Every structure is written in C-alpha cells, then in structure tokens.
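None of the figures in this text is laboratory data; all of them are computed from the coordinates on show. Owing to the predicted nature of the structure, the values given are computational and were not obtained by experimental measurement. Note: ideal-geometry Cβ built from the backbone for every residue, glycine included; neighbour counts use all protein chains shown.
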Amino acid sequence: MKKKYLLDANDAFKKMVFGWLNMGLRNLHVIPMITYEVTDERVWAPADWRLYAQLFGIQPCCVLAKESQFTNGGRHDYFAMLLQENPRILPATADIFVDPDTGLGDGRETHINAAEVAALLRDRDRVVIIYQHANRNQKQIANDLQRRRGNINAALGGQAHTFTFGIRTTSICLYFFSLNESRLKKLKEICQQQFGSMKSTRVFDGVKLLDKR
C-alpha cells in the first residue's frame with residue numbers, strides 16, 4: 001500500500017465490500033504492507049491511519065505494522081514480527097486483510113508470497129483476504145486464483161486443503177482463502193447476494209466461474 005493511493009477508486013471498492021462482509025468476518029485486522037517510492041511522502045499521520053482504518057470499519061489499532069516499511073529484503077523479519085507469540089501482535093482469532101501493492105506473487109516487494117499466506121492461515125478458522133491487481137479477463141483471473149491456491153497448499157506441506165474464491169472489478173480482485181470451508185461459503189454467499197444479477201461476472205472460484213442465473 002502506498003499513501004498516494006489512499007482513498008482512490010480501488011479503496012472505494014474495498015470500503016463497499018468490507019461493509020458487506022462486516023457480519024461475516026471475525027475481529028478483522030489489516031496488514032498494509034507499506035511501501036514507498038522516491039518521491040513519496042513517507043510519513044503517515046494519525047489522521048491518515050484513521051481514514052485507512054475506516055475503509056474496513058475497524059479501529060486504527062487493528063491496522064498492524066504501521067511503522068514498518070515492507071521491502072523484499074526485509075520480508076522475513078516483517079512477517080516474523082507479525083506472527084511472533086510474545087508479545088502477540090496478531091490475535092489468534094483475527095481474520096486478516098493483506099494490502100500489498102500488487103497482490104500474490106513470487107517475491108517482489110509489491111507481492112505477498114504463498115509461504116507467507118500459508119503462515120497466516122495457521123489458525124484453521126481464519127479467513128485471509130488479499131488485494132490483487134488484476135487487469136485481465138475472467139478466465140485468466142480464475143486460472144490465476146487456482147494456481148495461487150495450489151502454491152499455498154504446497155506451502156502448507158500438503159497437510160491442509162485451502163478453500164478459496166474471489167471477487168473482481170475491471171481492474172482489481174480480492175482473493176479469499178481459508179481452511180474453514182463453511183466460513184468461506186458464508187462470505188461467498190454474502191458477495192453473491194450483494195452483486196445480485198452481476199454475480200456471474202463478479203464472483204468466481206477456481207477455474208470454473210459461477211453459473212449464470
């Protein structure tokens with residue numbers, strides 16, 4: 001997440017969706033994965049964090065790692081800090097939204113990778129939602145989600161089965177992952193209801209898109 005994109009059109013979509021999901025999510029916490037460009041204003045003021053937290057209907061204290069810049073070289077320490085047990089930063093009962101610049105990927109500072117998502121899924125009831133830049137067609141996006149799911153399952157050592165679905169606009173997606181099928185089904189049903197007649201082009205899971213109705 002870069003400060004210059006705060007409250008842009010993509011953030012408006014996030015706010016709408018998390019408003020829908022308010023009753024289905026549990027103790028939501030956000031990992032912003034803050035990055036900077038040379039010309040960026042590096043200081044996020046408390047007012048900025050309040051605006052950012054309002055997108056998700058949470059308090060600023062539920063936005064984690066606010067003082068930590070995310071870099072590719074520092075990614076291990078970044079997630080180790082979030083997942084440490086003492087002192088605990090990320091509650092064991094929390095659902096998580098991760099807000100990387102680009103989304104799931106293979107290790108640049110704009111990405112979160114499959115191993116990091118797998119580590120966040122260690123609580124079997126947790127839902128992890130990831131921002132994904134996706135300027136592609138429906139089939140490409142659905143195939144990408146299926147591939148990412150396979151990578152996460154591999155990172156889990158084949159000992160767990162990840163359930164997933166996604167929602168999309170013309171330029172971004174939100175990818176949902178959990179080891180708890182019933183929780184993910186509930187969130188998916190909420191999204192389908194809210195998208196109404198557009199659900200066949202906005203909600204998808206795996207390679208096969210939802211049937212049109």
Anisotropy class of segment 3-204 from Cα gyration tensor, a/c 1.5 cut: rounded
When each of Lys4/Lys66; Lys14/Lys188; Lys139/Lys186; Lys4/Lys188; Lys3/Lys188; Lys66/Lys188 is checked by Cα-Cα distance, pairs over 19 Å: Lys139/Lys186; Lys4/Lys188; Lys3/Lys188; Lys66/Lys188
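Restricting to DSSP loop positions (anything but H, G, I, E, B) with no more than 10 other Cβ atoms inside 10 Å of their own Cβ, which trypsin sites (Lys or Arg not before Pro) remain in segment 62-93? Could you put the intermediate results ahead of the total?
Values: sites: Lys66, Arg75, Arg88; in loops: Lys66, Arg88.
Sparse-neighbourhood loop trypsin sites (Lys or Arg not before Pro): Arg88.
Determine the sum of side-chain charges near Asp125: Lys and Arg each +1, Asp and Glu each -1, restricted to other residues whose C-beta is under 10 angstrom from that of Asp125.
Around Asp125, the surrounding residues sum to +2.
For a footprinting-style exposure proxy, rank Ile112, Ile130, Ile58 by other Cβ within 10 Å, fewest first. Numbers along the way, then the final one.
Working: Ile112 26, Ile130 23, Ile58 19.
Fewest-to-most ranking of Ile112, Ile130, Ile58: Ile58, Ile130, Ile112.
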Rounded Å value of the spacing that divides the Cα centres of segment 1-77 and segment 126-145: 19 Å
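Would you mind ranking Cys62, Cys173 by Cβ crowding within 10 Å, fewest neighbours first?
On the way: Cys62 16, Cys173 23.
The most exposed by this proxy come first: Cys62, Cys173.
How do Lys4, Lys199 rank when sorted from fewest to most other Cβ atoms within 10 Å of their own Cβ? Walk me through the intermediate numbers first.
Numbers: Lys4 11, Lys199 20.
With the fewest neighbours first, Lys4, Lys199 line up as Lys4, Lys199.
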Under 5 Å, built H, 5+ apart or other chain: amide partners of Arg108: none
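Can you tell me the equivalent ellipsoid semi-axes for segment 20-95? Use √(5λ) from the Cα gyration tensor, largest first, whole Å.
22, 18, 10
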